[in-house]
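To keep things clear, I will list the structure first and then write my remarks on it.
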Amino acid sequence: MGSGIDSHGRVLGRIYIVVSLIFLASLIYYYYTGVGGPLRLAIVMVPYAFILHVLDSLRRNQLYPRLGRLNYPIAVAYIVLALSSSIYIYTEFNNLVGVRFGSYNIYDIIFGTIAFLLVLEYSRRRHLALFILNIFLFLYALYGFLPGPFQHPGLPLSRVLTSMSVEFETGVFERLSQLALTVIGAFIVFISIAQGFGVVDSIVRTITSRVSRSIRALPQASVLGSMAIASVSGSGAANAATTGSITIPTMKRIGMPPKVAAAIETAASIGGQLMPPIMGISAFVMADFLGVSYFDVVARGYMPALIYYIGVAVAVYIIAQRYLPRRFSSLDLEKIGVKPPAIDDYFRFTVFFTGIVMLIILMGYYYLAPTYAALITSWITLTLLASGTLYLAARYGGGVVDGLKRIYSSLLKTVEQFASFISDLTLLLATLGIMTGLLAITGIPTKIGFMMLGLGGENIYLLAILGFLFGYIVGLGLPPVVTYILTAIVIAPYFIEAGINPWVVHFYAFLIGVFSELSPPTSVTAAVASKIAGAPFTRTMLVSIKFAIPLLILIPGVFMHPEIVVEPGIDQVVNGILLLGVVTSIAVALGANIHRSIYIDAALRASIMILGLAALVSREQAFTILGSVALAISLSITIYMLRRR
């Protein structure tokens with residue numbers, strides 16, 4: 001019986017790889033030709049992504065585990081439904097957007113509803129909170145049962161179903177799912193190559209070996225490793241799972257309490273949403289909302305990301321003074337459970353960062369479209385990694401045959417990683433397309449916006465606070481991209497109309513979305529890190545907020561000092577450095593033990609805190625003076641603590 005199950009698993013695995021390879025090849029062909037346009041691509045590939053999801057779940061025995069062999073006919077039925085929906089809508093596309101637009105026949109409604117229901121089933125299995133929200137909005141669209149200004153007479157069922165499918169402007173095929181399959185997909189090719197060839201482990205091992213000469217610097221491996229991997233991951237939870245599996249056990253072995261080790265990794269990992277050149281999904285959506293190139297977002301995203309990670313690094317080093325001994329002999333990496341880097345680790349590390357630099361140069365200097373820049377970088381990176389793997393195996397390993405086997409295995413992992421990531425992301429964004437469509441046809445964002453205007457009046461700062469509270473509430477249990485989209489569509493029109501720069505508004509919403517990945521009581525990143533550390537989830541989450549204070553400062557920081565995101569240049573750098581002074585001074589005030597006397601220590605820390613907060617809320621010349629003083633004081637204390645170690 002067991003061998004039969006294993007046999008089925010192997011067959012399903014091979015089928016999944018073949019289907020994944022077709023998926024990858026089709027998207028790469030589209031990236032180079034653009035045949036049909038992004039909407040036709042979504043019509044074909046959203047159902048195809050669902051097929052990949054079904055096959056992946058089936059081979060892992062995660063489709064409907066309690067149903068046993070019934071999963072096979074269910075999977076076949078899902079695949080037939082997905083294909084029939086895709087084929088019908090694709091072949092009838094011209095009629096749907098022309099002849100029958102607004103007066104759809106019964107077949108249009110049936111096949112559109114099939115696509116809608118398949119995406120809903122995906123969300124029920126993978127994102128239950130989103131599924132519940134969409135079901136609530138669907139029923140609200142039909143019956144308008146909410147009280148007060150939200151009440152409405154209800155919409156016809158056919159109108160709601162077609163707006164979620166064959167109208168194309170909203171629903172499963174709208175621009176969010178198109179975005180996943182186009183620009184984001186091209187960048188995921190690069191990420192998948194890096195993951196397939198084991199670059200992530202090489203980065204963590206290399207960085208850990210570099211900082212291991214000081215026990216108090218060793219926790220910085222979590223910060224630096226997460227920062228490096230964040231440049232291509234764009235996900236806090238994924239970051240915590242990859243780097244945390246190495247850094248958290250290491251920190252525990254050298255004496256860091258489990259909850260603190262998990263909190264450090266949590267704070268470092270959520271920067272995955274911030275760190276260019278491959279930021280979180282929200283950054284791609286932001287570019288689409290603003291109608292700009294993705295590189296325009298990247299160019300403005302570096303400063304907040306650097307401020308965040310430098311602030312986290314300072315906070316982590318300060319806490320290391322408290323928990324780790326001052327003196328320690330040279331660390332033996334093997335004894336603390338870290339595999340020392342080999343020559344192939346250094347090679348992969350170098351190739352990875354060469355690819356990152358190349359990507360930035362192609363987008364920023366040669367002004368290539370992000371899709372083409374990502375593809376060129378991917379091919380060059382793949383060539384270097386494959387040829388380097390073959391050379392190193394021939395010279396130091398098991399020979400050419402062994403090298404070819406390693407390349408083949410890495411390529412299979414690359415294809416599998418790409419298909420898994422993009423199919424999941426496409427279906428997630430299709431789910432968000434349903435959410436935004438239901439919001440649009442019911443007018444909820446407009447109504448909430450008017451209510452916020454009524455509460456905040458003309459006080460833009462009060463509106464900003466209300467916007468943060470709205471984003472925090474909707475972010476409980478929802479992915480960061482959902483929080484960003486909801487916050488942006490509610491506050492952006494009114495903030496922009498009030499004269500606030502669109503970049504400031506969208507980065508404000510973006511940072512609120514990032515915070516939702518950390519915010520109590522539903523932080524997924526903290527849950528992943530605490531599980532690895534064996535630490536209590538709630539305590540990990542609360543401690544991680546202390547390390548992630550830079551993010552809480554950046555949220556009002558972009559609002560009070562918009563120069564850091566409005567336009568790349570000297571003003572951005574100067575204001576960024578001064579805001580960094582605010583971040584580091586508050587980190588010092590919260591964590592450092594400056595003086596042995598608790599009274600003098602408390603007075604000094606309170607003074608530094610007040611100085612930092614004053615600089616944060618000050619404008620123009622006052623900000624320059626106070627920010628410079630805060631930077632000087634925090635750096636002086638940090639240097640003093642470094643010398644004292």
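The values are calculated or read from the model by the stated rules, or taken from the named source; none is laboratory data. These numbers were taken from a predicted model, which means no experiment stands behind them. Cβ atoms come from the backbone with ideal geometry, glycine included; neighbour counts cover every protein chain shown. Remember, those area values only see protein heavy atoms, side chains included, never the ligands or the DNA or RNA. Shrake-Rupley method; radii C 1.70, N 1.55, O 1.52, S 1.80 Å.
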Residue match in the stretch 141-149 (condition: open to solvent by less than 10 Å² (accessible area, probe 1.4 Å) and either within 24 Å of SER282 (Cα to Cα) or modelled with pLDDT of 95 or more (or both)): yes
Boolean, ILE553 is in contact (Cβ under 8 Å) with a residue 24 or more places away in the chain, more than 25 Å from the chain's Cα centre (by Cα) and open to solvent by less than 60 Å² (accessible area, probe 1.4 Å): no
Whichever residue in the stretch 451-462 is without any contact (Cβ under 8 Å) to a residue 60 or more places away in the chain, part of a helix (DSSP H, G or I) and within 22 Å of PHE150 (Cβ to Cβ) and, among such residues, is most open to solvent (accessible area, probe 1.4 Å): LEU455
Odd one out for ILE203, checked against (1) of a type outside the set (S, T, N, Q); (2) in contact with a Phe, Trp or Tyr (Cβ under 8 Å, 6 or more places away or on another chain); (3) under 16 Å from THR431 (Cα atoms): (3)
Sole residue being in contact (Cβ under 8 Å) with a residue 40 or more places away in the chain and either charged (D, E, K, R) or within 16 Å of LEU511 (Cβ to Cβ) (or both), chosen from ILE491, ILE465, ILE448: ILE491
Subset tally (residues that are among the aliphatic types (A, V, I, L, M), farther than 30 Å from THR170 by Cβ and buried (at least 19 other Cβ atoms within 10 Å of the Cβ)) for the stretch 408-437: 1
Any pair with Cβ under 8 angstrom, 6 or more apart, that starts in the stretch 530-544 at a residue that is under 12 Å from THR266 (Cα atoms) and ends at one that is part of a loop (DSSP other than H, G, I, E, B): SER530/PRO536; MET541/LEU518; MET541/PRO520; MET541/PRO521; MET541/SER523; LEU542/PRO520; SER544/LEU518; SER544/SER523
The stretch 483-515 - residue that is in contact with an Asp or Glu (Cβ under 9 Å, 6 or more places away or on another chain) and open to solvent by less than 40 Å² (accessible area, probe 1.4 Å) and, of those, nearest to LEU130 (Cα to Cα): THR483
Flag for GLY467 being among the small types (Gly, Ala, Ser), in contact with a Ser or Thr (Cβ under 7 Å, 6 or more places away or on another chain) and over 30 Å from TYR346 (Cβ atoms): yes
Positions within the stretch 468-482 being open to solvent by less than 40 Å² (accessible area, probe 1.4 Å), in a helix (DSSP H, G or I) and touching a residue at least 60 places away in the same chain (Cβ under 8 Å), in sequence order: PRO480, VAL481, VAL482
